[in-house]
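A short write-up of the structure that comes next.
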């Protein structure tokens, strides 16, 4: 497989991941962090980091809007629930 085809497949898979996360807004970031050690905010940070390496201007707010498909404040207000004590305990255990 050539590099361009690989890049195209990776980009398509990333777009599907973002779409999948958008279709499953009930999956909370804390749950993603507990099970996968990453969340939507991590994806935003990775986008900003990769843009910086390529001298492309991308700030965190724009990256979050890319990932969340809406301003982060709107997503947080409409879809993010407070973490439960059990979720925080599992998260803290994962971080050790």
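Taken together, the values in this text are just the output of simple stated rules run on the coordinates, not laboratory data. Bear in mind that the values here come from a model prediction, so they are computed numbers and not experimental data. Virtual Cβ from ideal backbone geometry, glycine too; neighbours counted across all protein chains shown.
Details
- Applying the set (1) farther than 25 Å from residue 79 by Cβ; (2) touching a residue at least 60 places away in the same chain (Cβ under 8 Å) to residue 50 leaves exactly one unmet item: (2).
- Close contacts from the stretch 84-96, counting a first residue that is within 10 Å of residue 31 (Cα to Cα) and a second that is not in a helix (DSSP H, G or I), with Cβ to Cβ under 9 Å and a gap of 6+ residues or different chains, come to 87/28; 91/83.
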